[in-house]
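J.: Okay, here's the structure, questions in a sec.
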Amino acid sequence: MFNPIEGEILYIDKPLHWTSFDAVKRVRGTLLRRTGRRKLKVGHAGTLDPLATGVMIVCTGRATKRIDELQAHVKEYVATIALGATTPSYDLETEIDSTYPTAHITRSAVETALKRFTGVIEQIPPAFSACKIDGKRAYKMARKGHEVELKPKVLVIDEIELLEYAQESITIRVVCSKGTYIRALARDIGHALDSGGHLTALRRTRVGEVDVSQCMTIEQAVHMLENAEITMPDEGTTEQQ
C-alpha cells in the first residue's frame, strides 16, 4: 500500500546532470497521473547539485513536514578533487580560471592538510550557490558577473579520509553536517596545499542511516509508483495539502 497523501518517503539515487527539482518533478508527475489529482505536495531533504549523484530523500504529502528533520542528518560524500586549477564555481560548471603548480604536493602533505578541516570549522559558501543576498540567490548574481560576498558559516566535519592520491587529483570521503559545501571544501583544500582545487566528481553515499545501496534509481522509483497499490483518504476527509 502506498499513501501519497498521508505521506511516504522515497530514497532515490539522483542521476548525474539532474537537478534535485527534476527528480521531485518526476515523482510528483507520476503520482498526479496515478491519483488523478491536480496538486500534491512533494519535496526533497537536502539539495544535490546537477553534477552530483547519490542519496536524495523525497517526501510526499504529510511526510514533507519531516524535511527539516531529515536534512539535518549527518551526510557522507565521496569527492574527487582536481589539484592545480580553480574554477569560479569550484566545480566543472564553469571553466578553469587559474592554474597552479602541483609538483610539491605529496601524500603526506595532503594528509596533513586534510586534518585542518576536521571538527568545527568556518566555511565561506560558493558564490555559485543557493545562498541568498538581500533576497536574491547568489548563483543568479554570480552568473551575471556580479561580485558576490558571502559570510562564513560554522559547520562540523566529523571525518575526512584520503581514498586515492595523485599530485593532480585526490579522492576523499567526507562525513559532515548539514550546510557543508564540498565544492568549497575542494577550494579550501587546494589553497591549504599552496595550489588550487576544484571538484570533478561528487557522490552522496549516506544521509543519516540511509546508505546509497538502499536507494532506487529514478527509473526504479517511477516503476514502483506506477505499479504500487495507491490508497487515498476517504471521501470527505479534510486534507491540508
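J.: Since residue 72 meets every condition but one in (1) among the hydrophobic types (A, V, I, L, M, F, W, C); (2) out of contact with any Leu (no Cβ under 8 Å at 6 or more places or on another chain); (3) more than 21 Å from residue 180 (Cβ to Cβ); (4) surrounded by fewer than 16 Cβ atoms within 10 Å (Cβ to Cβ), which condition does it not meet?
T.: Against the list (1) among the hydrophobic types (A, V, I, L, M, F, W, C); (2) out of contact with any Leu (no Cβ under 8 Å at 6 or more places or on another chain); (3) more than 21 Å from residue 180 (Cβ to Cβ); (4) surrounded by fewer than 16 Cβ atoms within 10 Å (Cβ to Cβ), residue 72 comes up short only on (3).
J.: With the requirement that a residue be out of contact with any Phe, Trp or Tyr (no Cβ under 6 Å at 6 or more places or on another chain) and part of a helix (DSSP H, G or I), what does the range 68-109 give you?
T.: 68, 69, 70, 71, 108, 109 - these are the residues of the range 68-109 that are out of contact with any Phe, Trp or Tyr (no Cβ under 6 Å at 6 or more places or on another chain) and part of a helix (DSSP H, G or I).
J.: Please find, among 35, 19, 53, 47, the residue that is β-branched (Val, Ile, Thr) and more than 13 Å from the chain's Cα centre (by Cα).
T.: Selected residue: 35, the only one of 35, 19, 53, 47 that is β-branched (Val, Ile, Thr) and more than 13 Å from the chain's Cα centre (by Cα).
J.: Could you grab me the full set of residues in the range 148-197 that are closer than 20 Å to residue 126 by Cα and acidic (Asp, Glu)?
T.: 149, 188, 194
J.: Here are some conditions: (1) basic (Lys, Arg); (2) surrounded by 20 or more Cβ atoms within 10 Å (Cβ to Cβ); (3) within 21 Å of residue 86 (Cβ to Cβ). Residue 153 meets all but one. Which one does it not meet?
T.: (2)
J.: Search the range 107-138 for residues being at pLDDT 95 or above and polar (S, T, N, Q), and hand back the single one that is farthest from residue 164 (Cα to Cα).
T.: 118
J.: Follow-up. What are the residue pairs meeting all of these: first residue in the range 22-45, first residue over 15 Å from residue 7 (Cα atoms) and in a helix (DSSP H, G or I), second residue at pLDDT 95 or above and among the basic types (Lys, Arg), Cβ atoms under 9 Å, and 6 or more apart or on different chains?
T.: Taking only residues 6 or more apart or on different chains, the pairs are 22/14; 23/14.
J.: Restricting attention to the range 60-67, does a residue exist that is in the same structural domain as residue 171 (by TED's automatic domain parsing), part of a strand (DSSP E or B) and at pLDDT 95 or above?
T.: Checked against the condition, which is being in the same structural domain as residue 171 (by TED's automatic domain parsing), part of a strand (DSSP E or B) and at pLDDT 95 or above, the range 60-67 yields no hits at all.
J.: Testing residue 97 on (1) surrounded by fewer than 16 Cβ atoms within 10 Å (Cβ to Cβ); (2) within 21 Å of residue 13 (Cβ to Cβ), one condition comes back false. Which one is that?
T.: (2)
The values are calculated or read from the model by the stated rules, or taken from the named source; none is laboratory data. Remember, it's a predicted structure, so these values are computed and weren't measured experimentally. Please note: Cβ atoms are built from the backbone with ideal geometry, for glycine as well, and neighbour counts cover all protein chains shown.
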